[in-house]
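Worksheet: one structure, shown below.
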Amino acid sequence: MLHYTSTQEKEDAEKYLWPGKSFIIPNILYLPDRIYGKKQKGCMRLIFIGRIDPKKNLELILKALKEMGNSNRISLDIVGSGDKNYVDKLKKFADEIPNVTWRGMLDGDLKFKLLAESDLLVLLSHNENYGNVVLEALCQGTPVIISKYVGARDYVQKNKLGWIIDLSETEFVETLEGIISQDAELKDMQQRATACIKKDFERNKQVSDYEKMYIEIMNTPPITISQNNWQI
């Protein structure tokens, strides 16, 4: 039996593993029970948090913002670190884009404060088993724009707490333009996000889910696989 944190992780694993009984339960995370800041009126504040690596596809976000032109409607905070040469390359490209701020590594209260003050988290990764930062953003009332390859997509889609897009500059730009021109849906998500996370990721509930999984595993007889079951 296998434990996966998301449907995405299961789909990726079963490309290489023999499919069998499995469980899908998100990781238990520390999610604060208070909001650390307030959103401000003015430009749309985007935030990216994560390892700065080609896998995270930060290039797509920067290229899209550059395409949108010199606009004070949008700002982007980038939180994280990575290979110096790669980061320097991105910074050089971002010099041509207004309102991009490189924050370096942030953790704890500072990270949650910046999330709370942002309007949208952006995470357009080529692949994410889950994407814990999605839950961290939502717990601060900050909806998300994520790629369809981020494991947390199922939760976001089910609860209508963000936008799920393909890895397309055009689709990202169109999504941002739509949110800016008509922000009622965004504000509704911001108002609902914290309560959703509190309900669905309450610590005792998560622990109970894991306990049920372990009990089922212990009570399930082992599977014997004969040589005839294997195909090479």
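The values are calculated or read from the model by the stated rules, or taken from the named source; none is laboratory data. Here the structure is a predicted model, which means the values were calculated and not measured. Glycine gets a Cβ as well: all are built from the backbone with ideal geometry, and neighbour counts include every protein chain shown. These accessible areas exclude ligands, DNA and RNA; they are computed on the full protein's heavy atoms, side chains included. Shrake-Rupley method; radii C 1.70, N 1.55, O 1.52, S 1.80 Å.
For the range 103-133, filtering for residues that are more than 25 Å from Ile35 (Cβ to Cβ) and open to solvent by 20 Å² or more (accessible area, probe 1.4 Å) leaves 3. If you go through the range 125-173 and keep only what is within 11 Å of the chain's Cα centre (by Cα), part of a helix (DSSP H, G or I) and among the aromatic types (Phe, Trp, Tyr), you end up with just Tyr155.
Taking the range 178-209 on its own, how many of its residues are under 30 Å from Asn72 (Cβ atoms) and either polar (S, T, N, Q) or without any contact (Cβ under 8 Å) to a residue 12 or more places away in the chain (or both)? I'd like the intermediate steps shown before the answer.
The initial filter retains those residues of the range 178-209 that are under 30 Å from Asn72 (Cβ atoms), namely 178-194.
Filter once more, keeping what is either polar (S, T, N, Q) or without any contact (Cβ under 8 Å) to a residue 12 or more places away in the chain (or both): 178, 181-185, 187-188, 190-191, 194.
Total satisfying the criteria: 11.
Could you check, for the range 7-18, whether at least one of its residues is among the polar types (S, T, N, Q), under 19 Å from the mean Cα position of the chain (by Cα) and part of a loop (DSSP other than H, G, I, E, B)? Spell out the reasoning first.
Kept after step one, since they are among the polar types (S, T, N, Q), are these residues of the range 7-18: 7-8.
Imposing the further condition that a residue be under 19 Å from the mean Cα position of the chain (by Cα) reduces the set to 7-8.
With part of a loop (DSSP other than H, G, I, E, B) added as a condition, the list becomes none.
Checked against the condition, which is being among the polar types (S, T, N, Q), under 19 Å from the mean Cα position of the chain (by Cα) and part of a loop (DSSP other than H, G, I, E, B), the range 7-18 yields no hits at all.
Conditions (1) closer than 12 Å to Leu121 by Cβ; (2) open to solvent by 60 Å² or more (accessible area, probe 1.4 Å); (3) in contact with a Cys (Cβ under 9 Å, 6 or more places away or on another chain); (4) modelled with pLDDT of 95 or more, marked per residue:
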{"site": "Ile146", "(1), (2), (3), (4)": "yes, no, no, yes"}
{"site": "Ile164", "(1), (2), (3), (4)": "no, no, no, yes"}
{"site": "Gln182", "(1), (2), (3), (4)": "no, yes, no, no"}
{"site": "Glu185", "(1), (2), (3), (4)": "no, yes, no, yes"}
{"site": "Gln190", "(1), (2), (3), (4)": "yes, no, no, yes"}
{"site": "Ala193", "(1), (2), (3), (4)": "yes, no, yes, yes"}
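Take the conditions (1) at pLDDT 95 or above; (2) of a type outside the set (Lys, Arg); (3) within 24 Å of Lys63 (Cα to Cα); (4) surrounded by 20 or more Cβ atoms within 10 Å (Cβ to Cβ); Glu136 misses just one of them, which is (3). Restricting attention to the range 59-102, the residues being surrounded by 12 or more Cβ atoms within 10 Å (Cβ to Cβ) and either part of a helix (DSSP H, G or I) or in contact (Cβ under 8 Å) with a residue 40 or more places away in the chain (or both) number 22.
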